[in-house]
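The values are calculated or read from the model by the stated rules, or taken from the named source; none is laboratory data. All figures in this text were calculated on a predicted structure; none of them were measured in a lab. Cβ sites come from the backbone with ideal geometry, for glycine too, and all protein chains shown count toward neighbours. For the accessible areas, the whole protein counts, side chains as well, though only heavy atoms, and no ligand, DNA or RNA atoms are used. Shrake-Rupley method; radii C 1.70, N 1.55, O 1.52, S 1.80 Å.
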Amino acid sequence: MAEAANLNEVQPIGDEDDRKLFVGGLPQDATQEDISAHFATFGEIDNINLKTDPASGRSRGFAFVLYKTVQSLSDAIDAKEHTVKNKEVAVKKAQAKQGKVYVGKLQPELTDAEIKEHFEQFGNIANIEQPFDKTKNERKNFCFITFEKEDAAKQLLKLGTTTVNGHDLDIKRVTVKDPLMMGGLARGRGGYGGFGYGYFGAGYGYGDPYTGYGGGWGGYGGYAGYGAGGAGYNKNGFGNRGGQRGRGTNTRGRGGAQAPRNTY
């Protein structure tokens, strides 16, 4: 009977990045069970990741809900309203975590177009940074490439090298330092100190460009103006002024804590 039950379970269908929902503006006391009670109505849930402050353990006002099917995610996004513990919350499709690599030993004869064309074989490119030597008036012999999905960067890192038009190029990991570990805490006036550890650097890591889920517990720029502890918001991403106000990445939170990003 146990085997039959397992066979009836919905198996995850589709890439995880295509099944993940970002939920912002959660009540501070909302638990995973509270979140599941609402969002399970749209389909079977694979996992819920409620983000908390690493120092205090308190909720940062946002979470990620991973459905087992893309259809469940679509149904949740299409719903007009979402309420957790009698508080309206906002949802968006979570953006995939990006991946960034260092590319070394670039030769002058390699054109920008050739470099881009080669690396697009591994995945969609979000950004290419090519430092320029003003003294020599030429491109430097390295660049940084940010992919829309981290898997593309991981694939290249496993190879270690790649060949473009007969030239062997070095591939190395780009280490993005966490400002939280460096003591980079942004303080919020009139409330909790907003921890300023939104990842940065050409969209690497948690590089989602949205701004402002205010009132949570983290300096991730999220959609503008969603507040998790009394802040006003509306569903088009431009929040009304409320008890707390979220601003962009690595900025201060007025009247409360800072804003999370909707990436993971």
Residue in the range 40-59 that is assigned to a helix (DSSP H, G or I) and surrounded by fewer than 19 Cβ atoms within 10 Å (Cβ to Cβ) present: yes
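Is it true that Lys97 is modelled with pLDDT under 95, open to solvent by 30 Å² or more (accessible area, probe 1.4 Å) and touching a helix residue (DSSP H, G or I) at 6+ places or on another chain (Cβ under 6 Å)?
yes
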Those residues of the range 60-82 which are polar (S, T, N, Q) and in a loop (DSSP other than H, G, I, E, B), in sequence order: Thr69
Breaking point among (1) among the aliphatic types (A, V, I, L, M); (2) open to solvent by less than 50 Å² (accessible area, probe 1.4 Å); (3) in contact with a helix residue (DSSP H, G or I) (Cβ under 6 Å, 6 or more places away or on another chain); (4) farther than 30 Å from Cys143 by Cβ, for Val70: (2)
Number of the exception - Ala152 against (1) assigned to a loop (DSSP other than H, G, I, E, B); (2) open to solvent by less than 90 Å² (accessible area, probe 1.4 Å); (3) closer than 27 Å to Asp15 by Cβ: (1)
Total residues in the range 107-133, condition in a helix (DSSP H, G or I) and under 16 Å from Asp170 (Cβ atoms): 3
Enumeration of residues in the range 12-34 that are open to solvent by 70 Å² or more (accessible area, probe 1.4 Å) and closer than 14 Å to Asn47 by Cβ: Glu16, Gln32, Glu33
Any chance Thr111 is under 30 Å from Ile128 (Cβ atoms) and out of contact with any Asp or Glu (no Cβ under 8 Å at 6 or more places or on another chain): yes
Any chance Lys136 is open to solvent by 30 Å² or more (accessible area, probe 1.4 Å), outside any strand (DSSP E or B) and among the basic types (Lys, Arg): yes
Lone unmet requirement of (1) in contact (Cβ under 8 Å) with a residue 40 or more places away in the chain; (2) more than 26 Å from Leu26 (Cβ to Cβ) for Lys136: (1)
Checklist (1) exposed (fewer than 12 other Cβ atoms within 10 Å of the Cβ); (2) outside any helix (DSSP H, G or I) applied to Lys158, failing item: (2)
Matching residues in the range 80-94 - criterion: being open to solvent by less than 60 Å² (accessible area, probe 1.4 Å) and at pLDDT below 95: Ala94
